[in-house]
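Here the structure comes first, spelled out in structure tokens, and everything after it is commentary.
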Amino acid sequence: TSVSLSPDRISAHTQATQQLLTQNSFDLQSFLAADIRRGLEQHYNLKIKAIIEGITEENGGSETTGSGVDGVLDASDIAFFLEELLRQGNVDPAGAYILTEPTLYREMRRATLDAGSGLFAATSASRVGDYNAIVSTMFTDGNAYMVKPEDVVCAEWGGINIQVDPYALAHKDVVRIIANQYVDCAILRSAGVVGVDLDGTDSP
């Protein structure tokens with residue numbers, strides 16, 4: 001499978017007063033760097049989220065279906081259903097991740113697999129069923145996905161470009177620090193990314 005990648009700019013910024021910057025503290029430098037890094041990571045993750053949602057909707061994976069009431073999956077069955085979708089595409093689910101949002105994750109934490117067994121669909125924020133999990137507010141509308149990480153490819157062009165702007169907010173004695181990075185992401189193998197939308201509405 002061939003994919004095309006092209007540089008797309010993501011950007012983040014932080015700001016600090018001139019007085020704060022003159023403190024010349026290593027802790028301050030670390031704080032500002034971490035603030036910018038979080039902003040870039042958020043934009044990067046949103047790009048990955050968009051391609052995951054896009055490919056599952058394109059493949060019909062976001063349609064409501066399953067073993068629960070009115071065809072909606074029970075929370076206890078989500079991991080098994082997603083695993084089945086991967087296997088139907090002849091994809092080995094070993095090493096796959098489950099991605100979901102906090103409300104659905106709470107339901108899985110409370111959903112028992114078998115009456116009286118004491119086993120739950122999710123055992124911790126990092127595990128759903130037999131799979132590693134990522135729980136994030138980036139995912140909404142009751143969506144759950146299973147992704148083989150090696151089927152999501154990302155590229156970066158150069159490093160992070162830092163610009164210091166002491167002028168735009170000079171009237172407030174504030175310096176803006178801006179970071180730009182050029183990245184792109186794509187799905188290498190569409191069968192390695194599956195999802196389900198439990199409330200019947202697609203994410204924006």
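The values are calculated or read from the model by the stated rules, or taken from the named source; none is laboratory data. Remember, it's a predicted structure, so these values are computed and weren't measured experimentally. As a convention, Cβ positions derive from the backbone with ideal geometry for all residues, glycine included, and neighbour counts pool all protein chains shown. These accessible areas exclude ligands, DNA and RNA; they are computed on the full protein's heavy atoms, side chains included. Shrake-Rupley method; radii C 1.70, N 1.55, O 1.52, S 1.80 Å.
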>> Suppose each label sits 7 Å from its Cα in the direction of the beta carbon; what would the THR123-ARG189 distance come out to in nanometres?
In response: 2.7 nm
> With each run of n ≥ 4 DSSP H residues scored as -39500 (n - 2.57), what mean residue ellipticity at 222 nm is computed for the chain after dividing by its residue count and rounding to the nearest 500 deg cm²/dmol?
Replying inline: -9000 deg cm²/dmol
>> I'd like to know how the chain sits against the 2.2 N^0.38 Å rule of thumb: what's its Cα Rg over that expected value?
In response: 1.26
>> Compute the distance from the alpha-carbon center of the stretch 140-164 to that of the stretch 79-137, in whole Å.
In response: 21 Å
> Taking a probe of 1.4 angstrom, what is the accessible area of VAL183 in Å², to the nearest 10?
Replying inline: 0 Å²
>> For a quick check: with amide H placed at 1.01 Å from N, whose amide H comes under 5 Å from PHE120's, ignoring anything fewer than 5 positions away on the same chain?
In response: LEU113
> For the chain, modelled as a Gaussian network with Cα springs under 10 Å, which listed residue fluctuates most, LEU40, LEU82, LEU21?
Replying inline: LEU21
>> Can you sort VAL91, VAL164 by solvent-accessible area, 1.4 Å probe, largest first?
In response: VAL164, VAL91
> Rounded to the nearest 10 Å², what accessible area does THR17 show when all protein chains are kept and the probe is 1.4 Å?
Replying inline: 60 Å²
>> For LYS148, give me every one of the lysines with a C-alpha distance below 25 angstrom, ignoring sequence neighbours fewer than eight places off in its own chain.
In response: LYS47, LYS49
>> Within the chain, what whole-number % of the accessible surface is contributed by carbon and sulfur, with the 1.4 Å probe and all protein chains included in the calculation?
In response: 50 percent
>> Compute a Gaussian network model of the chain, connecting alpha carbons closer than 10 Å, and tell me which residue from ALA144, ALA122, ALA155 fluctuates the most.
In response: ALA155
> With r defined as the distance between the Cβ atoms of LEU113 and ARG87 and R0 fixed at 25 Å, what FRET efficiency is calculated, to the nearest 0.05?
Replying inline: 0.85
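Give me the number: length gained by fully extending GLN23 to ALA155, i.e. 0.36 nm times residue separation minus the C-alpha to C-alpha distance, one decimal in nm.
43.8 nm
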>> If you count only protein heavy atoms and use a 1.4 Å probe, how large is the accessible surface of TYR131, to the nearest 10 Å²?
In response: 20 Å²
> Ignoring ligands, DNA and RNA, what accessible area per residue does the chain give at 1.4 Å, in Å²?
Replying inline: 55 Å²
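Work out the length of the dipole vector of the chain about its Cα centre, built from +1 on the beta-carbon of each Lys and Arg and -1 on the beta-carbon of each Asp and Glu, and round it to the nearest 20 debye.
820 debye
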> Among SER136, SER190, SER25, which one shows the biggest mean-square fluctuation in a GNM of the chain, springs joining Cα atoms closer than 10 Å?
Replying inline: SER25
>> For Cα pairs less than 8 Å apart in space and 6+ apart in sequence, what is the mean separation divided by the residue count of the chain, i.e. the relative contact order in percent?
In response: 33 percent
